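Input: a single structure, listed below in structure tokens.
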Amino acid sequence: MKDMRISRRGLLQGTALLGAGLATPTIFSSKAWAAGYTNEPKGGTVTLGFNVPQTGAYADEGADELRAYQLAVDHINGEGDGGMLNTFSSKALGGNGINGKKVVFVTGDTQTKSDAARASAKRMIEKDGAIMITGGSSSGVAIAVQGLCQDAGVIFMAGLTHSNDTTGKDKRANGFRHFFNTEMSGAALGPVLKNAFGSDRTAYHLTADYTWGWSQEGSIKKYTEQLGWQTKAAVRTPLGAGDFSQYITPVLNSGADVLVLNHYGRDMVNSLSQAVQFGLRDKQVNGKDFAIVVPLYSRLMAQGAGENVKGIFGSTNWHWSLQDEGSKAFVKSFGQKYGFPPSQAAHTTYCQALLYADACQRAGTFMPSGVGAALEGFKFDGLGNGPTEYRAEDHQCFKDVLVVKGKENPSSKFDVLEVVEVTPRAQVEYPASLLGGELGPYNNGA
Amino acid sequence: MDAIALQVLNGLDKGGAYALIALGLTIIFGTLGVVNFAHGALFMLGAFCAVSVKALLSLEAVTLDPNKLTAWGTPMEIRVPYVETWFGEFGATLLNYSVPVSILVAIPMMLILGIAMERGLIRFFYKRPHAEQILVTFGLAIVLQEIIKGIFGANPIPQPAPEVAKGMIDFGILVGFDAGNVVYPAWRLIYFLFSVAIIGAVFSFLRFTSFGMVVRAGMADRETVGLLGIDIDRRFTIVFGIAAVVAGLAGAMYTPILSPDYHMGMDFLVLSFVVVVVGGMGSLGGAVAAGFLLGILQSFASMNEVKNILPGIDQIIIYLIAVVVLLVRPRGLMGRKGMMEH
């Protein structure tokens, strides 16, 4: 009888052959071999994924982002009046899509929840073939989706995210942010606060208890303490507390003469309204007028706080009343299409869509490493914030920052903020090493 | 000492809202045996009655000024409220007092809504398990929430208090503190007094009217009251409507304190259930007492002196108290024997 025993060498050789045989068809048919990178566009269209809050507390902001994206797609495809494409310093885009492909888009709902945002981004990448993901109204969401895009091998163009961490300790090679951050807010607001209130002040912070709040509190403390201000207390408040009165009453007799509200969205509307209700705006402490500061303003949110924003200082990424050619072109284009001016969320998302399209066009590819190389160190103008640079070291845009104040006599419901200073870019710039983190290598996916 | 006095006042106005919502929840649970998770939504709907009244009073005649252009090139709109055009000074006053005026609208609206809710949906779940009642009423709350968001948007809508009540009152002087040490917003004090008045009215209604007597009898022994030939179901339907009115009034008057948005009901719902459990299921007095007690304790827990010793205590104090009360007195502070025990 023939000996059927299997030798160890025979087993290894057989396993290797079997493995190679099974793997061969997969290798030759996989996207990696066929495409070179995740979701390489085939045919005449390229799909972008707009991941914005369509439900939840930031739904209005998300709706404005979506309007801006639709406008940007129109302009990239050569429809409408062209908006800021006419004022953009780069002339690579010709109104015929990107790299000759017409832009189409899919949308996802972040719900302003990290897990929901990741799920919708994953769906757009895996099912809809999105080559790039963009949008969002929260730093927690931005950091979560940025990580997912890095792993999936697509570019992430962040929407409204203000925490230092997005392009600091949590930065990723595939992620890019046009919006400013808390470090820049602090650097811009500091000198304005000193001019308005002097250097002998005692601040009391109320801070939303999550990544953005901590980041904002740290930056404002750092810059105001450099001016000579004291920090009386920094109290963390739960996200979505609704009624902040129990945190505001201790401020009344604390000896502090400035209240810094490190809150955004609904929390900002409520805490500011309640602080004014408790008479803090009209109070006198230590012989000085009490002051309230809201480091990050949003015009949409300021509308929610109504007349309570009057005279309150803050910072913002962009405002529709700016008179440069880019801003005017964008406001005209957006206003004529939708009947009201765009918010800063709409502006930053519109810019991100244009900047991505332009980078792909200049690179001649949609491959993330190629697009990233085109964005790194890219200097441009005409998009509403003056001369701007996408810094190569951390993928953060550096540009002028606006310090604004609640308007005393608004002419319409949109006219709630006035720009009191355009802080030059040089004043808000910082070394990339300051915020830590590592970009790591690009991931082209597939 | 002045810091403590301020936190007591703060707890009282916050507790007023908790007590009003918990009172309605307890009435519904005591009479109908229904765990109503849509009660927070009724609070929110009351708040949006105030928003609607202000929106109606603020309806404006829009004319275009061809000489002035918007930033996007269309003619500027000139807006003048109709009430001011039609009624002059009185119109402006009406607009100024839109929140108190909204009470007149909220009462019939919430009564109708409450009765419609009970007849249209809740009554089909009387004999179903509490888990199913919770599911259906929670679902209803979400539907109501989404409808409001669809109409009014997601952002908070500010509702200013009347000019006369916008300032501060030096409450400290009244109780022996130095001037300026315990000053408190006038509207919050008004809200506290309002909540006390509503609670008093509900208790009086149940205590001193024959309708209330039947309802109390029904709460104690529904079957026997039915055997006496009294149509207890009809009365309980009206009771549901009254509970909706109480929640609605609490919401409408709360709008100058907290700018209403579609989600505000959910924020209060969980806390109010804790209030009901701490007070004792089915105990009206317990609900009111626990509402004010937990409001005050929550305010104290937010003081820096307390938070420095126990960080994060402000976020868990209410639930901590609930755990302790349920361990020591399983029926709650003033709970009745037999309620939710079979």
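Could you run through region B:67-124 and say how many residues are charged (D, E, K, R) and either assigned to a helix (DSSP H, G or I) or under 32 Å from the mean Cα position of the chain (by Cα) (or both)? Walk me through how you get there before you give the answer.
So in region B:67-124, the residues charged (D, E, K, R) come out as B:68, B:77, B:79, B:84, B:89, B:118-119, B:123.
Now narrow it down to the ones that are either assigned to a helix (DSSP H, G or I) or under 32 Å from the mean Cα position of the chain (by Cα) (or both): B:84, B:89, B:118-119, B:123.
The number of residues fulfilling the criteria is 5.
Considering only residues in region B:62-100 that are open to solvent by less than 40 Å² (accessible area, probe 1.4 Å) and of a type in the set (V, I, T), the one that is nearest to the other protein chains (Cβ to nearest Cβ) turns out to be B:T70.
Remark: pairs (first residue in region A:235-261, more than 11 Å from chain B (Cβ to nearest Cβ); second residue among the polar types (S, T, N, Q) and buried (at least 24 other Cβ atoms within 10 Å of the Cβ); Cβ separation under 6 Å; 6+ apart in sequence or on different chains) = A:L261/A:S271. Sort through B:G167, B:G120 and tell me the only one that's small (G, A, S) and away from chain A (no Cβ under 11 Å). Of B:G167, B:G120, the one residue that is small (G, A, S) and away from chain A (no Cβ under 11 Å) is B:G120.
Of the residues making up region A:79-100, not a single one is touching a residue at least 24 places away in the same chain (Cβ under 8 Å) and closer than 20 Å to A:G62 by Cα. Looking across B:G265, B:G251, B:G285, B:G295, one residue alone is away from chain A (no Cβ under 11 Å), open to solvent by less than 10 Å² (accessible area, probe 1.4 Å) and not aromatic (F, W, Y). It is B:G251.
Annotation note: Cβ proximity below 9 Å between a residue of region B:124-147 that is of a type in the set (D, E, K, R) and a residue that is assigned to a helix (DSSP H, G or I) (sequence gap 6+ or interchain) occurs for B:R128/B:V136; B:E132/B:F125.
Does region B:138-148 include one or more residues that are charged (D, E, K, R) and within 14 Å of chain A (Cβ to nearest Cβ)? Reasoning before the result, please.
As a first pass, look at region B:138-148 and keep what is charged (D, E, K, R): B:146.
When the remaining residues are screened for being within 14 Å of chain A (Cβ to nearest Cβ), the result is B:146.
Yes, the conditions are met somewhere in region B:138-148.
Within region B:301-321, if we keep just the residues that are surrounded by fewer than 20 Cβ atoms within 10 Å (Cβ to Cβ), part of a helix (DSSP H, G or I) and not β-branched (V, I, T), the residue that is farthest from the other protein chains (Cβ to nearest Cβ) turns out to be B:L320.
Of A:A357, A:A392, A:A329, all but one fail to be surrounded by 24 or more Cβ atoms within 10 Å (Cβ to Cβ), out of contact with any Phe, Trp or Tyr (no Cβ under 8 Å at 6 or more places or on another chain) and not in a strand (DSSP E or B); the exception is A:A357.
Residue count for region A:399-429 under the criterion of being of a type in the set (A, V, I, L, M, F, W, C) and in a loop (DSSP other than H, G, I, E, B): the result is 2. Among the residues in region B:232-242, are any under 19 Å from B:Y191 (Cα atoms), open to solvent by less than 10 Å² (accessible area, probe 1.4 Å) and either of a type outside the set (G, A, S) or touching a Lys or Arg at 6+ places or on another chain (Cβ under 9 Å) (or both)? No, region B:232-242 contains no residue that is under 19 Å from B:Y191 (Cα atoms), open to solvent by less than 10 Å² (accessible area, probe 1.4 Å) and either of a type outside the set (G, A, S) or touching a Lys or Arg at 6+ places or on another chain (Cβ under 9 Å) (or both). Restricted to region A:47-98, and to residues there that are in contact with a helix residue (DSSP H, G or I) (Cβ under 9 Å, 6 or more places away or on another chain) and among the hydroxyl-bearing types (S, T, Y), the residue that is surrounded by the most Cβ atoms within 10 Å (Cβ to Cβ) is A:Y58. Scanning region A:277-299 for residues that are surrounded by fewer than 22 Cβ atoms within 10 Å (Cβ to Cβ) and part of a helix (DSSP H, G or I) yields A:R281, A:D282.
Taking the stated definitions as given, is A:N270 at the interface with chain B (Cβ under 10 Å from one of its Cβ atoms), open to solvent by 40 Å² or more (accessible area, probe 1.4 Å) and within 29 Å of B:G16 (Cβ to Cβ)?
So A:N270 fails the test.
So which residues in region B:170-188 are within 10 Å of another protein chain (Cβ to nearest Cβ), surrounded by fewer than 21 Cβ atoms within 10 Å (Cβ to Cβ) and at pLDDT below 90, if there are any at all? Give the derivation first.
Initially, region B:170-188 is screened for residues within 10 Å of another protein chain (Cβ to nearest Cβ), giving B:180-188.
Then drop every residue that is not surrounded by fewer than 21 Cβ atoms within 10 Å (Cβ to Cβ), which leaves B:180-181, B:186.
Passing the criteria: B:G180, B:N181.
Please give the number of the condition A:W318 fails out of (1) away from chain B (no Cβ under 13 Å); (2) over 24 Å from A:S219 (Cβ atoms); (3) assigned to a loop (DSSP other than H, G, I, E, B). Checking A:W318 against (1) away from chain B (no Cβ under 13 Å); (2) over 24 Å from A:S219 (Cβ atoms); (3) assigned to a loop (DSSP other than H, G, I, E, B), the one that fails is (2).
Among the residues of region A:101-130, just one is in a helix (DSSP H, G or I), without any contact (Cβ under 8 Å) to a residue 24 or more places away in the chain and among the basic types (K, R), namely A:R123.
For A:N308, the criteria (1) in a loop (DSSP other than H, G, I, E, B); (2) more than 16 Å from A:H178 (Cα to Cα); (3) not acidic (D, E) hold in every case but one, which is (1).
Scanning region A:160-187 for residues that are of a type in the set (G, A, S) and farther than 14 Å from A:L148 by Cα gives A:S163, A:G168, A:S185, A:G186, A:A187. Of all the residues in region A:40-78, those that are part of a strand (DSSP E or B) and within 14 Å of chain B (Cβ to nearest Cβ) number 1. Candidates B:L140, B:L135: the one that is open to solvent by 80 Å² or more (accessible area, probe 1.4 Å), in a helix (DSSP H, G or I) and over 30 Å from A:V276 (Cα atoms) is B:L135. Could you tell me whether any residue of region A:373-381 is out of contact with any Asp or Glu (no Cβ under 9 Å at 6 or more places or on another chain), of a type in the set (A, V, I, L, M) and free of Cβ contacts under 8 Å to residues at least 12 places away in the same chain? Taking every residue of region A:373-381 in turn, at least one turns out to be out of contact with any Asp or Glu (no Cβ under 9 Å at 6 or more places or on another chain), of a type in the set (A, V, I, L, M) and free of Cβ contacts under 8 Å to residues at least 12 places away in the same chain. Of all residue pairs spaced 6 or more apart or on separate chains, those with beta-carbon atoms under 6 Å, a first member in region B:190-218 that is closer than 17 Å to B:A287 by Cβ and a second member that is open to solvent by 60 Å² or more (accessible area, probe 1.4 Å) and among the aromatic types (F, W, Y) are B:G212/B:F205.
Taking the listed residues A:T167, A:T202, the one that is polar (S, T, N, Q) and either more than 28 Å from A:A241 (Cα to Cα) or crowded, with 19+ Cβ neighbours inside 10 Å (or both) is A:T167, with no other qualifying.
The values are calculated or read from the model by the stated rules, or taken from the named source; none is laboratory data. Remember, it's a predicted structure, so these values are computed and weren't measured experimentally. As a convention, Cβ positions derive from the backbone with ideal geometry for all residues, glycine included, and neighbour counts pool all protein chains shown. The protein model used for the area step is the full one, side chains on, heavy atoms only, and it has no ligands, DNA or RNA in it. Shrake-Rupley method; radii C 1.70, N 1.55, O 1.52, S 1.80 Å.
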